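Scroll down for the structure; my scribbles are underneath it.
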Amino acid sequence: MTKKEKTEINPDNRGFYGQYGGSYIPELLWANVEELRTRYSPIMSEKSYTDELDRLLRDYAGRPTPLYHAANLSRKTGAKIYLKREDLCHTGSHKLNNVLGQALLAVKMGKKQIIAETGAGQHGVATATVCALMNLPCTIFMGEKDTLRQKLNVTRMEMLGATVVPVSSGSKTLKDATNEAIRHWINNPDDTYYLIGSTIGPHPYPDIVTKLQSVISRETITQLREKEGRDEPDHVLACVGGGSNAAGAFFGFIGNGITRLTGAEAAGEGADSKKTAASINKGSMGIIHGSKTMLLQNKDGQVTETHSISAGLDYPGIGPLHAWLSKEGLAQYLPVSDEEAIEAAFDLTETEGIIPALESAHAVALLDKIDFKPGAVIVICLSGRGDKDMETYSNYFEGRSRGILPADNHQAT
Amino acid sequence: MEKSEKMDEYRGNPLMQLLQTKREKLISVFFTAGFPELESTGEVLSLLEKYGADFVEIGIPYSDPLADGPVIQQTSQTALANGMSIDTLFNQLDSLHGKVNIPMILMGYLNPVLQYGVEKFCARAASAGVSGVILPDLPPDEYKETYGEIFRKHGLHFIFLVTPTTPPERIYLADSLSTAFIYAVGSSSITGGGKSGIYSTDFLQRLKEMKLSNMHIAGFGIKDRESVRLAWEYSSGAIIGTAFMKKLIESGDPQKATGQLMNDLFG
């Protein structure tokens, strides 16, 4: 692994990590994005902002989340495995870290309402939650297909007072929900804050979300020092859709020369099949949602439909930070199939009594894919809990108890 | 860049020739290539020429058209399903050489053009008789540093959009980089009109007073006699897109749709 000087990773002043990132947006969006670009850094370094965010992360979100030594899983694999329990965050995933930070930013910017996109519904739920807390009107755009496969989260968002808008354009998933949120923002520029849920979109969003999620690795360092007497694990594993939990889990370890960073991309039915969402492994460089990055597209530059059993990873692009880390050899990204993720979810449930989100199960599945020395210290970012996925799991569970794995189960999810 | 230099590079460019002789009351119509049928391009072009449009914008369909409302999303999706691509479009335009004389601008999103290759795109566009290009998601800085030279070399105009929220210094930047004209988006909304549907004549008036080196032509939300009148009063012309595509979706017949549009605008 390349040894880099240990400085904080920042995009350049135009929002590029190497050749990835930037801000490729229609002029109609420019003023909105420019306002955010000029204001986010000063606001986010104000003491009143950081104090309030720290308080909310501690008292409302329940941070720091535990760094749990998974002894059973460790015995089984021969490594020393720690789970960074983002699933124990309020609302059930790491998404709240980012939402709290951006909602505070929105209020400081004088914005009166919040819009957001969501895939699995985790970001939508986190956004609806914080909007309830801060008394902000909230509209969530969600692919129609995702509203069906993550019904429970739709109900949660509605109970929290959000308006959920099902998006029926394109592939009816996260990518289209993002398009629709951006269009809504163009039409309502004055008082609306677009609260992006991942390290995607035009500059400065990837930087904002990365910085807000970096609390994950910051805590990991402190906790690891306490438990292991060292700051650097040998490995950090995380799943990657847009890449927010991975960005946060990797951030403090990038280029330290010790920690090997590995992201799990959703391979769907296999990275070589057409039903995949493995942007780095199977994609090429292009532009999606205002950012130059790796994405799944056809030879004509049309964004292709993706597939993953996990709605949160069912996204054709990836945050520009990850495209750059991969290109620079600072992190590796491996494909994990639907079936491997399901197996890992059942393994973790049986060995540790933790039902992970389908997204996070992809990270757990990396244990079978990476090379590690016996006793290596491995941190897995357990980004979310599995409640929302019980319907999918129960379909497989019935199959398992009959000794078969139904190949087409995801269609029913 | 000096005006005279511009003239040299764009000599023989049909749009340049048009704008040198006609500087007001221009009418331009946008349509999505490959809609309603893959082979509709030639028919639609001939009809628009026949019915008196001054120039056209041919939309290159894209899977994720961020700045477009439901109507152009729908025509784009159908066009892609029909098999439209940049190559197919250029082949169609090649075969129309000499049969259609209306100046043509291509309008699309950056990603398909990047994947095609900007140099190859410009070369083929120029040889197909295209006059200019609009790529709303190509940032002015990057155009200036990386791509401007390629477009100029091939004698292709490049047109930037400005909106009521674009600050003055950025309008001057767009003006300095645009050739032919500036596309004035009259309302802060995606194509097909915002909530009010009312055109920001204040903004167009402001552009007039800025004494820009390019004329500005108004687009987005123009759909009837009144909006054309306002666009003509406060700018050099009117660009109609969604209103035409709506008619084409409804009738499925380019002849009928074009007739109805022109009747709505001028009848």
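The values are calculated or read from the model by the stated rules, or taken from the named source; none is laboratory data. Worth saying up front: this structure is predicted, and the values here are computed from it rather than measured. Here Cβ is always computed from backbone atoms with ideal geometry, including for glycine, and neighbour counts include all displayed protein chains.
At a glance:
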item: Flag if A:Glu34 is surrounded by 13 or more Cβ atoms within 10 Å (Cβ to Cβ), part of a helix (DSSP H, G or I), free of Cβ contacts under 8 Å to residues at least 40 places away in the same chain and of a type in the set (Asp, Glu); result: yes
item: Residue count, the range A:334-365 (criterion: buried (at least 24 other Cβ atoms within 10 Å of the Cβ) and not small (Gly, Ala, Ser)); result: 9
item: Restricting the range B:175-187 to residues that are facing chain A (nearest Cβ under 10 Å) and in contact with a strand residue (DSSP E or B) (Cβ under 9 Å, 6 or more places away or on another chain), the residue that is farthest from B:Glu24 (Cα to Cα); result: B:Val185
item: Helices (runs of 4 or more DSSP H) contained entirely in the range A:305-413, each with at least 2 residues that are at pLDDT below 95 and hydrophobic (A, V, I, L, M, F, W, C); result: A:390-401
item: Members of the range B:107-120 found to be within 11 Å of chain A (Cβ to nearest Cβ) and either in contact (Cβ under 8 Å) with a residue 12 or more places away in the chain or surrounded by fewer than 17 Cβ atoms within 10 Å (Cβ to Cβ) (or both), listed by number; result: B:Gly108, B:Tyr109, B:Leu110, B:Asn111, B:Pro112, B:Val113, B:Tyr116, B:Gly117
item: Whichever residue in the range B:154-174 is away from every other protein chain (no Cβ under 13 Å) and out of contact with any Asp or Glu (no Cβ under 8 Å at 6 or more places or on another chain) and, among such residues, is surrounded by the fewest Cβ atoms within 10 Å (Cβ to Cβ); result: B:Tyr172
item: Qualifying residue in the range A:72-88 (condition: within 14 Å of chain B (Cβ to nearest Cβ) and more than 20 Å from A:Ser360 (Cβ to Cβ)); result: no
item: Enumeration of residues in the range B:64-75 that are surrounded by 24 or more Cβ atoms within 10 Å (Cβ to Cβ) and either at positive phi or more than 10 Å from chain A (Cβ to nearest Cβ) (or both); result: B:Ile72, B:Thr75
item: Any hit, the range A:125-145, residues being surrounded by fewer than 24 Cβ atoms within 10 Å (Cβ to Cβ), within 16 Å of A:Gly201 (Cβ to Cβ) and of a type in the set (Phe, Trp, Tyr); result: no
item: Pairs, first in the same structural domain as A:Pro316 (by TED's automatic domain parsing) in the range A:125-146, second assigned to a strand (DSSP E or B) and crowded, with 24+ Cβ neighbours inside 10 Å, C-beta under 6 Å, six or more apart; result: none
item: Which listed residue, of B:Leu26, B:Leu38, B:Leu66, B:Leu47, is among the hydrophobic types (A, V, I, L, M, F, W, C) and in contact with a strand residue (DSSP E or B) (Cβ under 8 Å, 6 or more places away or on another chain); result: B:Leu26
item: Single residue of A:Thr210, A:Thr262 found to be of a type in the set (Ser, Thr, Tyr), touching a residue at least 12 places away in the same chain (Cβ under 8 Å) and more than 17 Å from A:Gly317 (Cα to Cα); result: A:Thr262
item: Subset of the range A:189-201 that is in contact (Cβ under 8 Å) with a residue 60 or more places away in the chain, outside any strand (DSSP E or B) and farther than 24 Å from A:Ser214 by Cβ - its residue that is farthest from the other protein chains (Cβ to nearest Cβ); result: A:Asp191
item: Among (1) at pLDDT 95 or above; (2) touching a strand residue (DSSP E or B) at 6+ places or on another chain (Cβ under 8 Å); (3) surrounded by fewer than 20 Cβ atoms within 10 Å (Cβ to Cβ), the one test that A:Ile254 misses; result: (3)
item: Residue match in the range A:224-239 (condition: away from every other protein chain (no Cβ under 14 Å), over 30 Å from A:Arg58 (Cβ atoms) and modelled with pLDDT of 95 or more); result: no
item: Odd one out for A:Arg63, checked against (1) in contact with a helix residue (DSSP H, G or I) (Cβ under 9 Å, 6 or more places away or on another chain); (2) among the basic types (Lys, Arg); (3) surrounded by 18 or more Cβ atoms within 10 Å (Cβ to Cβ); (4) part of a helix (DSSP H, G or I); result: (4)
item: Scope the range A:358-397; condition more than 21 Å from the chain's Cα centre (by Cα) and basic (Lys, Arg); matching residues; result: A:Lys373
item: Qualifying positions in the range A:129-178 - within 27 Å of A:Thr276 (Cβ to Cβ), among the polar types (S, T, N, Q), more than 14 Å from every other protein chain (Cβ to nearest Cβ) and in a helix (DSSP H, G or I); result: A:Thr147, A:Asn153
item: Number of positions in the range A:106-128 that are assigned to a helix (DSSP H, G or I) and over 15 Å from A:Ser310 (Cα atoms); result: 8
item: Selected residue (only one of A:Ala238, A:Ala249, A:Ala278 is within 17 Å of A:Ala341 (Cβ to Cβ), in contact (Cβ under 8 Å) with a residue 40 or more places away in the chain and in contact with a helix residue (DSSP H, G or I) (Cβ under 8 Å, 6 or more places away or on another chain)); result: A:Ala238
item: Unmet requirement for A:Lys211, which otherwise passes all of (1) within 14 Å of another protein chain (Cβ to nearest Cβ); (2) buried (at least 19 other Cβ atoms within 10 Å of the Cβ); result: (1)
item: Residue match in the range B:84-106 (condition: within 26 Å of B:Gln17 (Cα to Cα), within 11 Å of chain A (Cβ to nearest Cβ), of a type in the set (A, V, I, L, M, F, W, C) and crowded, with 17+ Cβ neighbours inside 10 Å); result: yes
item: Scan of the range B:231-255 for residues that are basic (Lys, Arg) and modelled with pLDDT under 95, ordered by number; result: none
item: Verdict on A:Lys299 being within 14 Å of another protein chain (Cβ to nearest Cβ) and more than 25 Å from A:Glu180 (Cβ to Cβ); result: yes
item: Those residues of the range A:228-252 which are part of a loop (DSSP other than H, G, I, E, B) and either more than 8 Å from the chain's Cα centre (by Cα) or farther than 21 Å from A:Gly312 by Cα (or both), in sequence order; result: A:Gly229, A:Arg230, A:Asp231, A:Glu232, A:Pro233, A:Asp234
item: Hey, A:Ile254 over 27 Å from B:Gln115 (Cα atoms) and without any contact (Cβ under 8 Å) to a residue 40 or more places away in the chain or not; result: no
